[in-house]
1. Tell me the label-point distance for the pair Lys222, Asn181, using the 7 Å Cα-to-Cβ offset, in nm and rounded to one decimal.
2. Under 20 °C and 1.002 mPa s, how fast does the stretch 389-439 diffuse according to Stokes-Einstein, given a Kirkwood radius computed over C-alpha pairs? Answer in µm²/s, whole number.
3. Return the FRET efficiency for the residue pair Leu171, Lys344: r is the Cβ-Cβ distance, R0 is 56 Å, and the value is rounded to the nearest 0.05.
4. Order these by the 10 Å Cβ neighbour count, fewest first: His239, His409, His44.
5. Which one of Asn333, Gly398, Met374 has its Cα pushed farthest toward the positive end of the charge dipole of the stretch 289-434, where Lys and Arg give +1 and Asp and Glu give -1 at the Cβ?
6. Going by C-beta contacts inside 10 Å, put Phe326, Phe46 in order with the fewest on the left.
7. Give me, ordered by chain and number, the residues 5 or more places off Phe214 or on other chains with an amide H under 5 Å from its own placed amide H.
8. Using alpha carbons only, how many angstrom separate the centre of the stretch 321-387 from the centre of the stretch 31-102?
Amino acid sequence: MSTTPSAADAAEAAVAAIDNATAKDGSFSLELNQDQKDVRDWVHGFAADVMRPAAHEWDEREKTPWPIIQEAAKIGLYGYEALGQFYADPTGLTLPVVSEELFWGDAGIGLAILGTSLAVAAIFGQGTGEQIGEWIPRCFGTPDDVKVAAFCSSEPNAGSDVSAMRTTAKLDEAKGEWVINGQKAWATNGGIADVHVVVATVDRALGTRGQAAFIVPMSEAKGITEGTKVSKHGLRASHTADVFLDDCRVPAGYVLGGMEKLEERLARARERVAQREREGGKHSTRSNVSMATFERTRPAVGAQALGIARAAYEYALEYAKEREQFGRKIIENQAIAFTLARMKTEIDAARLLVWRASWMGRNGIPFENAEGSMSKLKAGEVAVWVTERAIQILGGNGYAREFPVERWHRDAKIYDIFEGTAEIQQLVIARAISGIHIP
C-alpha cells in the first residue's frame, strides 16, 4: 500500500519537529560522555586490579576490608568529595556507572565501600545545611583514618513494615537531649560506624509520619552498642549487625532537619489526622523518613545488582567459548548460546531502567509510576537469574567455590530482599500505576 501525500507530509513534519527539538536541547544519546567514560574506566581499573584479586579472601574472612577501603580513600574513590562529584553529574548516570563497576569487581567489598552512602543520602536529603557540612565528612573520615557510616531503620519486627517500628525517641526538655531506646537490625556497618543515622518514632499516634531520623555518633553518644553480627549467605565482606540503643542520649539539634522543622512537620501531620477524623476517615501513615531515603537510593542499588549480573555473564561467556564437550565449544550448542543471548538482553534492559530512574531522580522528575522501584525490582531479579544461569553453564564447576560464579550467585540474592523486597517493589508500583492504596 502506498503512502498517501498527507501521511508523508505528517511524517516529514514529525522528523522536522524532532530535529528542531534536538537542535535546541542537545542531541539525544545513550552513549556516555568522555568524562563519564573516564570515571568508569578509572573505577573499573580499581575493581579489576585491587578488588577482584582480594574478593575470595575477604568473602572467606567475613571481615570489613579496611585496607581496601583505605586504598579507595587514598586514590580519591572513597570520600565525600568523590560521592559529591558522582552525584553532581546532571545526567544522574555517573553514580550508577560507578556502582556497577565496583560491584562488577566484588559485591561484598563494593558494599563495604558504598555502604556509607545510605547514611549520607539521609543526611543530605533531610539535614540542614549545617548538619550536611558537619556530618557528611565525618561519615568518611580521612585517607589516613577512614570511617564508615550506618543507616539504621530495620528492626527485628519492622522490615518492610516500617509502621511496626518500636524504637522511640523522647525529648528531655530539661537537658535539651533526645533519649533513644530500641533495637535496630540488619544495619550495614552497624556498630562499627562512626556516624549512625537512626530512625525512631517520636509520636506513635501519627504512624510513620511521626518518625524522625537522628544522628548518633558512636564516639560521643553513650548507650549505643553493637549487637550480634549477622553471618550472611552473601556480601560477606560487608559488615551487618544489630544495634542496641539503651537510653542513648544525643543533643536536641541532632534530629535531621532541626527541631523547628520537626515541630512544623509534626504539627501538619496532627492537623491532617484531626481533619480526617472529623471527616470520618483514617489518616495515612505511608509517608516516612526511611522510605524517602530508600526511594533516592533504589536506582543505585539496582546498578549494584547489574554489576554482579554483568560479572557472571562475562565469565560464563568466556567459559562457554573455551570449554569443549563432545568435540566442540559448548557455546556452539543453541541451548547455551541462546541462554547467553538472553542474559545479555536482560542486563541491558535492566540498565536502561536504572539509567532512566537515575536521570529522573537527579533532575527532580517525580517517580509517578514508581520508576525507582521498577529499576531496583528488575535489576535484582536479573542478577539472581543471570548468576543462576552462569552456574548452569559452568555445570559442576559453577557449584564449586574455586570458581567465582557461586559467590556471585550468593551475593545476588539479597537484591531480591533488601531496601524493599521484590514483593514490596511490586506493591509500590501497583499503587503508583493504579492510584489505589492496595493493602
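Every number here is computed from the coordinates shown, using simple stated rules; none is lab data. Not measured: the values here are computed from a predicted model. Note that each Cβ is placed from the backbone with ideal geometry, even for glycine, and that neighbours are counted across all protein chains shown.
1. 1.7
2. Working: Rh = 13.1 Å.
The calculation lands on 163 µm²/s.
3. On the way: r = 55 Å, r/R0 = 0.98.
That pair, Leu171 with Lys344, gives E of 0.55.
4. His44, His409, His239
5. Positive-end residue among those listed: Met374.
6. Details: Phe326 7, Phe46 19.
Going from least to most buried by this count: Phe326, Phe46.
7. The list, which skips near neighbours in sequence, is Val198, Val199, Ala200, Leu256.
8. Using only Cα atoms to place each centre, the spacing works out to 21 Å.
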